[in-house]
Structure formats: C-alpha cells, structure tokens
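Take a look at the structure below.
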Protein chains: 6
Amino acid sequence: MTNEKLDAEIVATLRGVSTATVTMQLLKRGYRHVAMRGVLPLKPGQGRVAGRAYTLRYVPFREDLSTPAVLADPRNSARIAIEECPAGAIYVVDARGKPDTGIIGDILAERMKHRGVAGFVTDGGIRDVAGVLAVGLPCWCAGPASPASITEHTSSDLQVAIGCGDVAVIPGDFIVADDDGAVVIPAALAAEVARDGAEQERMEQWILDQVKAGRSTQDFYPPGDATRAEWAKLRK
Amino acid sequence: MTNEKLDAEIVATLRGVSTATVTMQLLKRGYRHVAMRGVLPLKPGQGRVAGRAYTLRYVPFREDLSTPAVLADPRNSARIAIEECPAGAIYVVDARGKPDTGIIGDILAERMKHRGVAGFVTDGGIRDVAGVLAVGLPCWCAGPASPASITEHTSSDLQVAIGCGDVAVIPGDFIVADDDGAVVIPAALAAEVARDGAEQERMEQWILDQVKAGRSTQDFYPPGDATRAEWAKLRK
Amino acid sequence: MTNEKLDAEIVATLRGVSTATVTMQLLKRGYRHVAMRGVLPLKPGQGRVAGRAYTLRYVPFREDLSTPAVLADPRNSARIAIEECPAGAIYVVDARGKPDTGIIGDILAERMKHRGVAGFVTDGGIRDVAGVLAVGLPCWCAGPASPASITEHTSSDLQVAIGCGDVAVIPGDFIVADDDGAVVIPAALAAEVARDGAEQERMEQWILDQVKAGRSTQDFYPPGDATRAEWAKLRK
Amino acid sequence: MTNEKLDAEIVATLRGVSTATVTMQLLKRGYRHVAMRGVLPLKPGQGRVAGRAYTLRYVPFREDLSTPAVLADPRNSARIAIEECPAGAIYVVDARGKPDTGIIGDILAERMKHRGVAGFVTDGGIRDVAGVLAVGLPCWCAGPASPASITEHTSSDLQVAIGCGDVAVIPGDFIVADDDGAVVIPAALAAEVARDGAEQERMEQWILDQVKAGRSTQDFYPPGDATRAEWAKLRK
Amino acid sequence: MTNEKLDAEIVATLRGVSTATVTMQLLKRGYRHVAMRGVLPLKPGQGRVAGRAYTLRYVPFREDLSTPAVLADPRNSARIAIEECPAGAIYVVDARGKPDTGIIGDILAERMKHRGVAGFVTDGGIRDVAGVLAVGLPCWCAGPASPASITEHTSSDLQVAIGCGDVAVIPGDFIVADDDGAVVIPAALAAEVARDGAEQERMEQWILDQVKAGRSTQDFYPPGDATRAEWAKLRK
Amino acid sequence: MTNEKLDAEIVATLRGVSTATVTMQLLKRGYRHVAMRGVLPLKPGQGRVAGRAYTLRYVPFREDLSTPAVLADPRNSARIAIEECPAGAIYVVDARGKPDTGIIGDILAERMKHRGVAGFVTDGGIRDVAGVLAVGLPCWCAGPASPASITEHTSSDLQVAIGCGDVAVIPGDFIVADDDGAVVIPAALAAEVARDGAEQERMEQWILDQVKAGRSTQDFYPPGDATRAEWAKLRK
C-alpha cells in the first residue's frame, strides 16, 4: 500500500475514534502528555477531524518585528502557511498559550477551507468568530479574541517541532480533535492507535448498551480481563 | 417527620431556590466561601439540581499508582463510588482543580443516571462530553477534557471532607447547582436556607415584576427595610 | 454638528465595525492594549453594541465594608450607577478581573434595559444568568457566578478611570463589544476609527468575496499596497 | 490625649506586634482578608514598620496616557505622592498585582526616606533594587522589576480606597509589615489590635520559652482556656 | 537487618544524594512526577534532609469549621501531628498549594525540633519566619505568610495519601529536600535509589573534576556509554 | 572600527548601564516589551552582565523524545550549545516559562564558565543550585528546580528566534542582566542605547546626589526639560 493510501486509511479510521479513546490508547503505551491543554472546539458539535499536522510557531511580539507591514509581507511565514498547508492536513499553530490574541479570522479560514485543509488548531485565540463559524472550517482554540496576531506575536518557522497546549507536535504527527479537545498521536504510533482505538470504540459501544440495559459497572467497567474476555467471545 | 422526609422536603424546596439566592442566604449567616470556583454546567440550561453530597477525593497521579490496571481494579474507590453513591445524592469529586483531565465519561454517567444519582459535580474535567450530554445526567465541571482520570490523578478516599472548586464539602452537605454554578450548604443550615431562600425568591419575583413595570431601583433594590416592609404587607 | 449628533453618528458607524477591525485600526495608530482580557459575551450571538463608557470601580471586600446592609444603602455607588448610567451608554465595571463573583443579576439588568443602557461590560462575573439572558440586555463578562458583589468586592468611585480586563477605560471612551469580546477606543480617536474601520469592513467584505470565489491570499491578504490599490480603483 | 499622640502610641505598640499576631487578632474579630497576597520584604531582615496608609492607585497603561512626558509632568499623581506622603506614614501603591513593573527606584526611595516616610508597600515590583537597598527605606513588594511604572500602568487618584495584594486599603488604615509580609488594620480597630496584640506577643514569648524547656504543646498550644488561665495567673 | 536499621541506612545514604540526582534516578525508572512544584527552602543553605513522610491534609476553610476555637481543640489533627510525627520523620502538609497562609510558626517549629522531627515540608506558607529561622528546623514551603492556617484551611486526616506541590505523597514514602526543593521517593524504590544515587554522585564528582580541569563535555557529559565505561574502569 | 571592536565597546558600556535604564531608553524608542517576566538572578549581588544572545529553544517533552538516552546523544542541541556558545556571549534558553524544571546544573555551568560564556539566562529553572553558585557563572532564571530538562522539555533548534520570559530574543540581540532581571536590546539599537543609557546613568547619579542633599523631587525628578537643561549646563 502506498504511503498516501495508508495515511488515508489511518485518517478514515481515526475519524471514528474519539479523543478520549486516543488518549487511553496512548496511555497504555506510556504516553500521558498528548492532550492539548485549554484547546477546545470554537463551537461544540463541529464533529471530529483527523489528519497530519502542519505547523507554525510564534515568538513574542516586538514593536519592530510585529507591524501591519510585516503582516502584509508575502514572505511572512503565517501567510505562506495558508497557501502551503496541504489539503487534508491540520494546521497547528503554537501561539504560546495566549488566549487573548486571534491567530486567524474569517478570510484565512475561508481560504483554508477552500484549499481542503481539514481543520485548524491553536492554543491561541480566533478572531471574527461569527465569520469563522459561518465559513465552517472546524477550529479548536483557546477562545474568541479580537486582536490580530501581531498584537502579541511574531510569526517564526514553518514545519518545525512546536508546542501547542503544552504538548509537543512534530510536523507529520497525527492530530485528532473533537468536542473533548485536540490530541497528538506520534506518527510512528498512528496506525496501531487507529486500529486498537477503533476496536476500543466497538467494545465501549457494547459496554454502553449493556449499562443502558441496567448492567452494573461493578466487575464490568472500566474493563478488566473478565470484561475483555466476554467481549472477545462475543466478537467471534 | 423522619429524616428522610425532611431531606426530601429540603431538596424539593432547594430545587426552587437559585444558587445566587443560596449564596446570599449564606452570606447573611456569615458564610462567604461556598460557591465552587470554576465549576460550571457542562451545558447551560440543564436546570437546577439539589441533593446531599457524596464525595470522592483524588491525589496527584504517580506512575505506579495510576495505571489502566488500577482503573480496572474493583477495589478502586472511583469505581465503587459509581455503584454506591445513593439515589438522589450528588456525586462530588475533588479533582484538585485540574481542568485538563476527565473524571467521568458517558458510560459512568449512564450508570449514575440509571441508579438515580441526581447530578455530578467536579472541579475537574469531563470526557466523552458529546456522549455525556446524550445521557442527560446533569453535570457541573471545569470543562471538557479527553484524558482519563489516571492521567493526572490517583483515586483516594470516599466520603471524606474534600475541597471542590476551593470550597469545603463535607459528606452530607447539601449541594445546589444551576446555570450560575454549584454551591454548598452546610448540612445544619440547609433547612433554614431552603425556607428563607424560597421566601427570597418570592420577594425577588415581585421586585422583578415591579422593575419590569418601570419602578426605579432607587430606594427599592437591593432590598432594605422599606422594601421588606412593603413586601411583608403584600404577603398578608 | 452638535456633540450629541456626532456621538450618535460615531455609535451608529461603530455598530457596523467589528472589534477585530477596531483593534487593527488602533494598532495602526500605535495602540496594542485595547482589548479586554477574558471578557466575552455572556452568550454569543447577542450582536454588537457601541457606546460611551460609564464606569464604576470595585476594591477588595472587607468584612466591615461589604455587608448586605451596605448593598441596601441608597448611597452605595453600585446602586447609584444603575439609575445614573445614561441611556445609550455602556456600563463598564472594574471587578478586578475576578470571575467568581457576580456583579449584576436579572433585576439590575432589567432596570438598565428599561432605562436604555446599551450594554453591560465587566471583567467580573454575572449572576442569575438564566434571568439576565431572559431580560436580553447585551452583556460581556468573565462568566456566570452565583455570589453577590459584596462577597469579594467593595463598591468605590463612579466615573473615574478604571481598568477592565487589564485595559484602561476613561469615562467617555467608546466601547465596542461583539462575539470577539469588548474593546476600548480612546474618545479622541473614535471618529477616525469609526470612519476608517467602516471602510476596512467594506474592503474586507470584498476580499472575502474574492477569496470565496477562489482567489489566493498570496499577494492579496492581509492587504498590502497592491490590494489597497486594487480596492481603491474599484471604489471609484 | 491628642489624635497625634494616640497615633504615635498605636504605632509604637504595633512595631512590637508581628504581622502573624495582627492577623490572628483580626481573625478573632471576624476579619480573614487582611494580609496582602504576594507582598514580601524586598529583603528579609529589614525589621518591622507600622504606620498609617497613604495611597495611590494605578490603572492599566495606554499608549497615550503612559509616556515619559507624563512621568515628567509635575501634576502626575505618582510624583505628587513622593512629596506629600506624610512623615511616619506608609506609602501604599495599588499596582494591580503586576510583579513585572517597577513602581519606585532608588531616587524616589531616597527622597521618601529623607522626608521620613516609614515604609513603602506595593503589590507591584521595585526597580534599581540594589540602589533601593543601599538607600535603606524599608520596602515590601512583589519582587524586583526593571521597567518603569509607565510600561504597564497609568497613575491615577491619590488617597482613595485601593486594593493592594487583593486586600482593601482605606487611607488612614494602619499597615504593619515585617518578614512575613504586610497586613492592614482598619483604622477603627487599630488601638485594640495593638493592645491585644502586644499582650498576645507576651503570652507567646512565655509559651515559646516553655516549649523550649521541653513542654508538650498537647493541651498547651495553640492556647485554649487552660493555657490562658495559666498565663493570667502568671501575669499577676 | 531490621527494618529500622535499613531505614537508618537509607536515610544516611540519601543525605548524601542531591534532589537533582534523586529525580534522575527516578526518571530512569519511569517516574517524571516526583518533585514538588513551588516548594523551596525557607532559607537556602539549610542543607539536605531525608526521612520518611508523615502526612496531614487540609481542606478549604469554612467559617464554621475554621475558628480559633477549633485551633485550640486538642482533637485537632494539626495539633496531634506536632506530638505524633516520629523523630527522624519529615512532616509533610498538603496545604492545597496556597502560598498565602502560614501552616506552622515558631512555637510549633520549636516543638518539632525538640522532638527530633527531621524537617518540615508544605506547599503552603510558613508564618513567624524570623522566629522559625531562629529555631533552626529545616523547612521547605511556598514562602512566608502571616495568616494562621484556619484563615484558609480546615485540618483534616493524618497519615493518608496527600498531594504536596502537585505530587503524591503516601505516608512512609521517603522525602529528600535540599536547596533545589523537595522530592518524593516511593517507599519500595528508596533502597535502590539511595544506592544508585550515591554512585551517581561519585561519578558526577569525578566528571565535575574533569570538567574543571578543562575537559570538554562533548562526548563526555551528560554521560553516555563511553563515559560510564571510563568511570567503571576507574572505579576498579 | 571592526565589528568585534564595536561589540566589545558596546558590551563594556552596557556593563555600566542598569537594566532599569535600558528599559527606559527602549521605552523612549517605543519598545515596552523587553524585560523578561519572572527571570531573576539566581542569587542577587552577582553583578551585571552584558553580551550577545546565543539561543536554544525547547518544546514540550514527550515520552519518546525526552529520555536519558536523548540527553546523552552528542547530537542533542542542548549539548552542542554548551560547546558552541561563544566566549563573551550570553546563553539564553527558551524553557517555555516553566519554573519547575532545571535547564542546567553545576557541571554545565562549570564548562560554560571555563569557555568564557558571560552568563546564562532562562525562563526555566536551574538545578544543583548550590553547585552552580559555587561555580560562579552569573545566572538568571525562574528559580531552583531539581528535575532535569527532559522531565518537561525536548531540546529543539539552536540560534533561532525564541521567546524568553515572554519577550522575543533574536540571536545576536544584546542582553543586559542585573539584580532587576534580564532585558533584551534589539541588535540595531544597541549602540545608541548603550551611549544614551550611559549618559542617563551619569545624570541620575547627579540627581541622586542632589536628592541625598535634600533637594525636592518636585519639578526635578523624573527629569523634564528643566532638569535636563540644568544637567546639560553642568556637563559643560
């Protein structure tokens, strides 16, 4: 299978795996630090997105580095990102955890949507939120904020390792985001997390059905060996 | 009247008393520290709940104490709570004020709802929020968060004094929670707070009607002796 | 033109200028510190308000200064404000950035609405939020909070320079607030910010339409000289 | 006795009463909110100061209000304070709890010392700390910080109620500050707090001597009725 | 060897192992969450202490639970701890990470020192700091703070699992504290961490001597296989 | 003059200019955002250092990226920095504002001192502080912290734009650090800031002498036109 096909399969599977399940799969593999702090859907109910991370990092603003002229410069990395972030990717911006400054607004969201970007994730704010919601690009952020990025940031490198919501994001890592927030899957683990996560989703749907039918969680959930054995039998 | 009947009456009355009114009744009795910081409805419009507190406390996680195996152990206090929290009670969890970790998800919410638990309150996060909202158990928390409790916590004692949202909760205290958040009423004060709170609600409805009709708040609201006298006369 | 007429014109124009645009207009004039931190609409979709600021400031509570009796005293500045804040003005309260205490509730919101106050802005909380939303006065705040102001504050001077959301507000400054939050325009700059902001809105609508039609942002947006020249030509 | 003489006596007594004792005396009178958060001696071992509070408040900076020219304007309230704060008073500045900006430096400290100001207290920073320590004016603050006040603040009213370290300070309140930090005594309570605090100091010295001699704290300290009775007998 | 003797040996060894070395030994065993946040020596240069943890936890204060009378009650757990914490142990108090309230003062420090308690560790404040330093009991805390514990806390259980500085402490765990702060060693790992930590100290002293003599850290430090091999040879 | 000579002159001059003066010189040029938040001398009284910035940035740790093996890898950027940071430079590390993790310890400090590095600046912690103080390399940081960098960070790029203490640092910018903290001077402004800062120091020494001699600050300090004119005359 080509890499592209593999990626497409992983993404398709991850779209059916909740971030809650992804974090558990990663915890089982020893990873406790994968969910972005303070990064939530701009509006709950946007559904779930999954894709490879395309990254930008900001450094603090300085009066000479962060001017409207800099924003209008075609060599500005934050401009370039909008046109270069691949279709199907998730654009992830390290905004240094500052909620009070907007990283994108409605026009950039519109352009990204047009280009097929799967979603936008930042630990900073989003501006023009009414407009961004009208555009419909799925977005995760630290909340609405009217000021433009240059008010508090200077755009820096594209496609480097960044922090977002206090977790590491390496370009090419997989991102899954839904109503519980956004999580990172190290690229090397994505295939197995997708596979085992999908299976966990199936088992938990069965558990939920049982619990809805009145079954006690005592000796049943969270699942130990007995529950897993029962599920394994059913699966056959 | 039996204790049980008394409890039921207090709870029924408190369901008609807003948390804003409860905090004022407690402030009049010298209590300023009863509203949980940062604890808000998972979704506004869930209505108001009232009930006795059933408590669990967490301590920080440690790699050897907070594993998936621990979660699956039937002696885990966080598991036991789900099956032992009484119907009509409110399950209150001290999650050390950490918003980024989920304390319950959809399956546990479903089981609590099935068992008649009146509501869930924590100063931590909730995971599987889409699912939890579908279940319909009224929940108050610090927001959505995908990671499971063991990512950041170790479950500890049941039914001990805890802090939640930086206020003390003693098992058996009354909790009232609505769109303004969650508040604690020391058990010994619940009957009088319910009674006087209900009366304050009636008076404030009358005041609101007057103000809607164009009456000035000058010399009228917040209510001093004159307003109270006027209301007392009306009540007769 | 009379001052009153001029004010009315500025306000009418600003109602069509987003806070995102206002912050950019002010940044171009050297102002980076005009958007209130952590101050968001009580409920998104309340629309945009604009008006002159009428101000109150709080200091920390003290057990002898912050009693229910003080709240009921007609000389209490927080009471006076409700009856003196002019129609069309925006009532801005410095609540010292404390989200956990409510500054107004439904009755005061009702009275302000009745008196024609355009909106309410605070860096503190709002109580009785279900009631306040029913009243319909547009409000910006740090979130819902059940305790009354005296729980954490003592009301102090009216119509003095205050801080709100960590920005300076001088009585008479213009406030614009929408789904992105609340911003301050120094009074002396309001006319030009309104004028240039309205023009920016028109240009950005055109840019958005172009981008919707598939135009690349490369060499186009954020707007530099070429984009501005193209727009200037179109405007003729 | 004249007011001045009374003041001098209270201050002389308070110089012998630790802030730990002052907070306990106030707690016994129902006051829990009197110790300034995050306000510590610029250098421990500066000893204890006591005096009436002379106050200044800052609001957030704005680019047009907070310029070097404003700093040099003789009508600037922060300048006036340096020459008007009475000898024996403690100059208390509401710096909005911002540790990263300096409120005074060595030259202003020198002038205050020359004029007999008893001490300087702020919830902001102090700059030129090496120089300020050389001057020897006792100072309490949030730490060293190189930027001048106008970097983050605009000076506002003198001698109004302020917040400092999240507690209310009314001009004329008494301040006591030592290695444990700075506390406020409402003016009306100063005489009795000084008197009872001095007595508490004597009793606790006796208790400490007993404990040093090997006496158990069980049934002895913190002091209940038995300990107090024993002390009362000794005092006679 | 008796347990007591084993303990004494572990403690003696740990007194020669820095907290920096302890954290590295634990990290090598998969533990990243063992150093208490914000817990520093009351005064640097107090040296290093090591010992088993004896624990107390606080919950938030409430006006009825946190009175001077409660403090004076011999059944108060915070009083009992002072007389029951074993000689050689380290008394660790969960003060909910609140720096602004003092957990012990000079009299209690004196008594603990008299009783042979090895040290005091809390994520809260310490009051009467000048007196506590005079007593000489080694203390780690969040800084000086004048108010008594009941201002913000209610004392709760003794000898239960607690959090301190955001890490779990189980009664009987080993604590090591020095100028870098305080760390926890799970009881089961103490012997091996002491042994391997002491060896690491020896190797790092040799490395430091080499570096002082001008050796490059390139290919040498932090130590990889080559450095370890060189050290192993030297050790023979 | 060669660049090297010019650099040496700028550095020599800046060693005589306090960070308080540097921030004022930059504020006069429109820069308000140059002093690192929360970055203070590891020990006051270390004197002042000045030099060009050599930079490293960290991103958040991840279990697979931040292991003891990674620390020992000679290609680790944090290792390379120790051997490549030029003599006379100041090594500045972006530790994402996390105070609880140590960025360097005594061995690395010793090596940097040996190599002639002028100072070390980070917004993270320092470990082995007793040892680092013994080495004598001047250090500025967020405080002592025992855990190694990999506990919370992954080392990333060398010599890129970073944030440190929430301000931008571009490799080659000048850093000045003293007891008030650490500040950044954009490279292009260093010569003039040094020159004008030195002159400001001379004028302020004269002002301080005048104030010591009893001169009022009224109409004198902070210096306006009259004071500057008087000084200008004296200078001739």
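The values are calculated or read from the model by the stated rules, or taken from the named source; none is laboratory data. Please read these numbers as outputs of a predicted model, since none were measured by experiment. Note that each Cβ is placed from the backbone with ideal geometry, even for glycine, and that neighbours are counted across all protein chains shown. Protein only, heavy atoms only, side chains kept; ligands, DNA and RNA dropped before computing areas. Shrake-Rupley method; radii C 1.70, N 1.55, O 1.52, S 1.80 Å.
Residue by residue through A:92-103, how many Cβ atoms from other chains fall within 10 Å of the Cβ on average?
3
Using a 1.4 Å probe on protein heavy atoms, which residues of region B:193-225 have at least 50 Å² less accessible area in the complex than alone?
B:Leu208, B:Val211, B:Thr217, B:Gln218, B:Tyr221, B:Pro222
In straight Cα distance, which lysines are under 20 Å from B:Lys28, not counting same-chain residues fewer than 8 positions off?
Filter leaves D:Lys28.
Calculate how steeply helix D:106-115 sits against the longest principal axis of the alpha-carbon atoms of chain D, using the helix alpha-carbon long axis, and give the answer as 0 to 90 degrees to the nearest 10.
So the helix axis and the longest Cα principal axis differ by about 60 degrees.
Within 10 Å of each Cβ in D:150-157, how many Cβ atoms from other chains are there, averaged over the peptide?
4
If we restrict to alpha carbons, what Rg and Dmax does chain C come to, in Å?
19.4, 66
Please get the size of the charge dipole for the protein assembly as shown, origin at its Cα centre, with Cβ charges of +1 on Lys and Arg and -1 on Asp and Glu, quoted in debye to the nearest 20.
0
Would you mind pulling out the separation of the Cα centroids of region F:158-236 and region A:2-59, in Å?
Here the answer is 49 Å between Cα centres.
Run the dipole for chain E about the Cα centre, Lys and Arg Cβ at +1, Asp and Glu Cβ at -1, nothing else charged, and hand back the magnitude in debye, nearest 20.
Here chain E has a charge dipole of around 500 debye.
Say a label goes 7 Å from Cα toward Cβ at C:Asn3 in every copy; what distances in nm does this one have to the rest, shortest first?
Result, one decimal in nm: 3.8, 5.8, 6.8, 6.8, 8.2.
Check cross-link reach from F:Lys233 to the lysines: straight Cα distance under 19 Å, and skip same-chain residues fewer than eight apart.
none
Considering the options C:Ala187, C:Leu208, C:Gly172, tell which one lies farthest towards the positive end of the dipole of region C:163-226, charges being +1 on Lys and Arg and -1 on Asp and Glu at the Cβ, about the Cα centre.
The listed residue farthest towards the positive side: C:Leu208.
What 222 nm value per residue comes from the helices of chain A, counting each DSSP H run with n ≥ 4 as -39,500 (n - 2.57) and dividing by all residues, nearest 500 deg cm²/dmol?
One gets -11000 deg cm²/dmol as the mean residue ellipticity at 222 nm.
Nm distances between the label at B:Arg228 and the same-position labels in the remaining copies, 7 Å along Cα→Cβ, shortest first?
3.1, 6.3, 6.4, 6.4, 7.6
With +1 on each Lys and Arg Cβ and -1 on each Asp and Glu Cβ, and nothing else charged, work out how big the dipole of region A:108-165 is about its Cα centre, in Debye to the nearest 20.
That gives region A:108-165 a dipole magnitude of about 220 debye.
If packing is taken as the mean number of other Cβ atoms within 10 Å per residue, what is the order of A:26-32, D:68-74, highest first?
For the peptides A:26-32, D:68-74, the packing ranking is A:26-32, D:68-74.
Under 10 Å, Cα contacts only: if you run a Gaussian network model on chain F, which one of F:Val211, F:Val39, F:Val129 comes out with the highest mean-square fluctuation?
So, out of F:Val211, F:Val39, F:Val129, the one fluctuating most is F:Val211.
How much of the DSSP beta bridge set in chain F is antiparallel, as a percent to the nearest 5?
Among the beta bridges of chain F, antiparallel pairing accounts for roughly 60 percent.
Mind checking which lysines have their C-alpha under 28 Å from A:Lys43, skipping anything on the same chain fewer than 8 residues away?
Once the sequence-local lysines are set aside, what remains near A:Lys43 is A:Lys98, A:Lys113, B:Lys43, B:Lys98, B:Lys113, C:Lys43, C:Lys98, C:Lys212.
Please determine, in degrees from 0 to 90 and to the nearest 10, the orientation of helix B:3-14 with respect to the longest principal axis defined by the Cα atoms of chain B, where the helix direction is its Cα long axis.
70
Shape verdict for the protein assembly as shown, please, from the Cα gyration tensor: rounded (a/c under 1.5), prolate (a/b greater than b/c) or oblate.
rounded
Could you look at region C:24-107 and say what percent of its accessible area is carbon and sulfur, using a 1.4 Å probe and all protein chains?
Carbon and sulfur: 54 percent of the exposed surface of region C:24-107.
Suppose you put the label 7 Å out from Cα in the Cβ direction; list, shortest first and in nm with one decimal, how far B:Ala188 is from each other copy's label.
2.8, 4.4, 6.1, 6.1, 7.0
Can you tell me the order of B:8-17, E:154-163 when each peptide is scored by its average per-residue count of other Cβ atoms within 10 angstrom, highest first?
Peptide ranking by packing, descending: E:154-163, B:8-17.
Other chains' Cβ within 10 Å of C:22-29 residues: what's the mean?
The mean count of partner-chain Cβ atoms within 10 Å per residue comes to 4.
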